[in-house]
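Reviewing the structure listed below.
The values are calculated or read from the model by the stated rules, or taken from the named source; none is laboratory data. Computed from a prediction, not measured in an experiment: that's the story for all the values here. FYI the Cβ positions are ideal-geometry reconstructions off the backbone, even for glycines, and counts take in every protein chain you see.
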Amino acid sequence: MLHYDIEADWQLLNTCNYRCAYCSFSPATLGEKLTVHAEPREWSRAIDRTGLTWLLHITGGEPTIYPRFAELCRLLTAKHFISFNSNLTHPSALDIAKHVDPSRISYINAGFHPEERELKKGLPTFLKHAYSLIARNFPLFISVVATPDVLSRFDEIIGLTATLGIAPLPKLLRGPYKGKHYPAAYSAEEKMAFREFAAKACKTYNGPFLQGLTERPSIDVFGDEKYLDGVAPFRGRMCIAGERFVSLRPNGNVYRCQPKQTNYLGNLLDCSFRRLNGKSPCDSYYCFYFCLKFADAASGAANESDTFAFSHREPDETRWRNRPMSAAASMSDVEQDAKGAA
Ligand code: SF4
Ligand code: SF4
């Protein structure tokens, strides 16, 4: 069971070696020169100094390309818990498999990204890195952003990872993609394909993976099909973000969730971070998965997926925000907000 005081959605860097068409970062942002705001030991000391036990969800960009990423994971997991998103292209995945204790990992969300994977001939590397982690009992699942192209060939995509014994789970496409807004733009046929894909993929996780999980993954794609028709708005709901959850930025700035001035809670690296106390009404936009985890349920709505029974559930984890599709802003808005508050 993971006992932690607070969870952070930690955007460690902007840079990525892929250019997925649905990425919420612009190609220019993904192509930025990688900035190291702190060495692994500086990060771990700063986090230890808070006196809290953290669940750190590390994302980017592509976190595994961060210099000495495996060392960072090893240091952090001495006292804290981590999870991370990765396209599993970088060999640091092999170092993590060798040097990090899997019992300190909540989950690894391995993003499949078929178009980029095919373009860069990256399937063998993905399978090798995923296998090395699974073989050492790391709780790894594979997700794939459910674009219309992916939905049109989901049996083929399921087959691509068959040697691992697990299939990519479809992840709702949220936001603008090729001139349309999703999930609203899914056709009836695409919704049916999504449900069938999800049912087939979920089955491959029955067994050791689910038995080994101690709580639902914060990026909980085991049930995205429930949100094909949208999700009740979060604005106005009571939310514990700020106390039990924060957004941690590459430079150490901490926000309640959406990076805007009124959500600023200080900086981890300069020791000025102070968390909030208790729930307050939602007045922000943020990643749908974290909102589902930390906001009170809308009246009459389930807050948790019931696809699987997990051994433990906390009471109440790419970065798709809860903004209604009609009002969706580009990631550059968030980046501007963040710069404004920095
Ligand atoms: S979706 Fe993930 S893998 Fe793809 S470009 Fe964005 S950060 Fe990189
Ligand atoms: S945007 Fe999400 S995480 Fe932030 S306060 Fe609202 S519900 Fe909570």
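When you scan the stretch 12-31, do you find a residue that is within 10 Å of ligand 1 (Cβ to nearest atom), among the basic types (Lys, Arg) and surrounded by fewer than 19 Cβ atoms within 10 Å (Cβ to Cβ), even just one? There is at least one residue in the stretch 12-31 that is within 10 Å of ligand 1 (Cβ to nearest atom), among the basic types (Lys, Arg) and surrounded by fewer than 19 Cβ atoms within 10 Å (Cβ to Cβ). Figure legend. Inter-residue proximity from the stretch 51-71: first residues closer than 11 Å to ILE82 by Cα, second residues of a type in the set (A, V, I, L, M) and within 14 Å of ligand 1 (Cβ to nearest atom), beta-carbon distance below 8 Å, spacing 6+ or different chains. Indicated pairs: HIS57/ILE219; ILE58/LEU12; THR59/LEU12.
Do we have ALA130 as closer than 20 Å to ALA93 by Cα, surrounded by 23 or more Cβ atoms within 10 Å (Cβ to Cβ) and among the hydrophobic types (A, V, I, L, M, F, W, C) here? Judged against the criteria, ALA130 is a match.
Count of the stretch 244-274 residues, restricted to those that are surrounded by fewer than 18 Cβ atoms within 10 Å (Cβ to Cβ) and of a type in the set (D, E, K, R), is 2. Of the numbered criteria (1) farther than 25 Å from LEU34 by Cβ; (2) crowded, with 18+ Cβ neighbours inside 10 Å; (3) more than 16 Å from ligand 1 (Cβ to nearest atom), the one TYR286 fails is (1). How many of the residues making up the stretch 266-288 are away from ligand 2 (no atom under 15 Å from the Cβ) and assigned to a loop (DSSP other than H, G, I, E, B)? Looking only at that region, the number is 7. One residue stands out in the stretch 47-84 among those that are closer than 17 Å to GLY252 by Cβ and touching an Asp or Glu at 6+ places or on another chain (Cβ under 6 Å): the one that is surrounded by the fewest Cβ atoms within 10 Å (Cβ to Cβ), namely LEU52.
Look at ASN263 and say whether it is of a type in the set (S, T, N, Q), away from ligand 2 (no atom under 16 Å from the Cβ) and either at pLDDT 95 or above or within 18 Å of LEU173 (Cβ to Cβ) (or both). So ASN263 does not fit the description; no. Take the stretch 199-223 and flag every residue that is over 26 Å from PRO102 (Cα atoms) and either of a type in the set (Phe, Trp, Tyr) or surrounded by 14 or more Cβ atoms within 10 Å (Cβ to Cβ) (or both). Hit for the stretch 199-223 is LYS200, nothing else.
Close Cβ contacts (under 7 Å, 6 or more residues apart or on different chains) running from residues in the stretch 17-31 that are more than 12 Å from GLY60 (Cα to Cα) to residues that are of a type outside the set (Gly, Ala, Ser) and within 16 Å of ligand 2 (Cβ to nearest atom) comprise SER26/MET331. Which of (1) out of contact with any helix residue (DSSP H, G or I) (no Cβ under 6 Å at 6 or more places or on another chain); (2) under 28 Å from ILE82 (Cα atoms); (3) within 16 Å of ligand 1 (Cβ to nearest atom) does GLY223 not meet, given it meets every other one? Here GLY223 meets the rest and fails (3). Being within 16 Å of ligand 2 (Cβ to nearest atom), at pLDDT below 95 and touching a Pro at 6+ places or on another chain (Cβ under 7 Å) is a condition met by no residue of the stretch 211-229.
The residue of the stretch 149-191 that is surrounded by the fewest Cβ atoms within 10 Å (Cβ to Cβ), among those that are touching a Gly at 6+ places or on another chain (Cβ under 8 Å) and assigned to a strand (DSSP E or B), is HIS181.
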